[in-house]
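For reference, the structure discussed in these notes is given below.
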Amino acid sequence: MILDINKTEAQFAHISIKNNQLKAIVNVYQPETNDAFQYTYRNDAPVHEEFTDTVSRLGFHVEQLLGQTIPHLAVEGYYRQPSGDSELLTIYAAIRSERVCRLNFAVRVHLGAEDYPHMDRLLDDLARCEAEALKYIHEDKRFGCEMFIQFAA
């Protein structure tokens, strides 16, 4: 689904990387029609390294909120939901080795209600994740080699 960015207000509720593919749930409001809806985007191609690097920046916040450094931490996504006069952010992360998930984390922070010392950085990192996800949703971002594969086939 391609939406006209100029005619809609969109807010990400969920972004995740599973099996190296992007899944996003977006809440959309169209002021012209006074219509609100939610849609799920799934990318059928692997995500780019830029996207995984952007999402992995949230690992800093997982470690800060837990109060310890965690080797081999992999951030898998996050979920945003309203919570009173603020927004509850849940960051999902794991420690994986080969095919086994050794440990899962779900770290929560209230955006706008909690005194988290790195809040500005967290909001900036979330904005970067969402800007990168929009490249897949609105610009159909793909690997550059796909064109080569199509010509070679």
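Among the residues of segment 61-84, at least one is touching a Gly at 6+ places or on another chain (Cβ under 7 Å) and either part of a loop (DSSP other than H, G, I, E, B) or over 14 Å from I15 (Cβ atoms) (or both).
Among the residues of segment 106-137, those identified as surrounded by 18 or more Cβ atoms within 10 Å (Cβ to Cβ) and hydrophobic (A, V, I, L, M, F, W, C) are V107, V109, L122, L126, C129, A133, I137. All conditions in (1) of a type in the set (F, W, Y); (2) in contact with a strand residue (DSSP E or B) (Cβ under 9 Å, 6 or more places away or on another chain); (3) farther than 19 Å from E139 by Cβ; (4) in contact (Cβ under 8 Å) with a residue 12 or more places away in the chain hold for F37, with the sole exception of (4).
Condition check ((1) more than 12 Å from I17 (Cα to Cα); (2) in contact (Cβ under 8 Å) with a residue 24 or more places away in the chain; (3) touching a strand residue (DSSP E or B) at 6+ places or on another chain (Cβ under 8 Å)) across all residues:
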{"site": "G67", "(1), (2), (3)": "yes, no, no"}
{"site": "L89", "(1), (2), (3)": "yes, yes, yes"}
{"site": "A93", "(1), (2), (3)": "no, yes, yes"}
{"site": "L111", "(1), (2), (3)": "yes, yes, yes"}
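Can you confirm whether segment 34-45 contains a residue that is touching a Phe, Trp or Tyr at 6+ places or on another chain (Cβ under 9 Å), over 22 Å from A10 (Cα atoms) and either exposed (fewer than 12 other Cβ atoms within 10 Å of the Cβ) or not hydrophobic (A, V, I, L, M, F, W, C) (or both)?
No: segment 34-45 contains no residue that is touching a Phe, Trp or Tyr at 6+ places or on another chain (Cβ under 9 Å), over 22 Å from A10 (Cα atoms) and either exposed (fewer than 12 other Cβ atoms within 10 Å of the Cβ) or not hydrophobic (A, V, I, L, M, F, W, C) (or both).
Each residue in segment 98-153 was checked for being modelled with pLDDT of 75 or more and either among the aromatic types (F, W, Y) or closer than 17 Å to D53 by Cβ (or both), and 17 of them qualify.
Tell me yes or no: at least one residue of segment 31-49 is of a type in the set (S, T, N, Q) and part of a strand (DSSP E or B).
Restricting attention to segment 31-49, the residues satisfying the condition of being of a type in the set (S, T, N, Q) are 33-34, 38, 40, 43.
If we keep only those that are part of a strand (DSSP E or B) as well, we get 38, 40.
Yes, there is a match, as at least one residue in segment 31-49 is of a type in the set (S, T, N, Q) and part of a strand (DSSP E or B).
The values are calculated or read from the model by the stated rules, or taken from the named source; none is laboratory data. Bear in mind the structure is a predicted one, so any value in this text is a computation, not a measurement. Ideal geometry is used to build each Cβ from the backbone, glycine not excepted, and the neighbour counts take in all protein chains shown.
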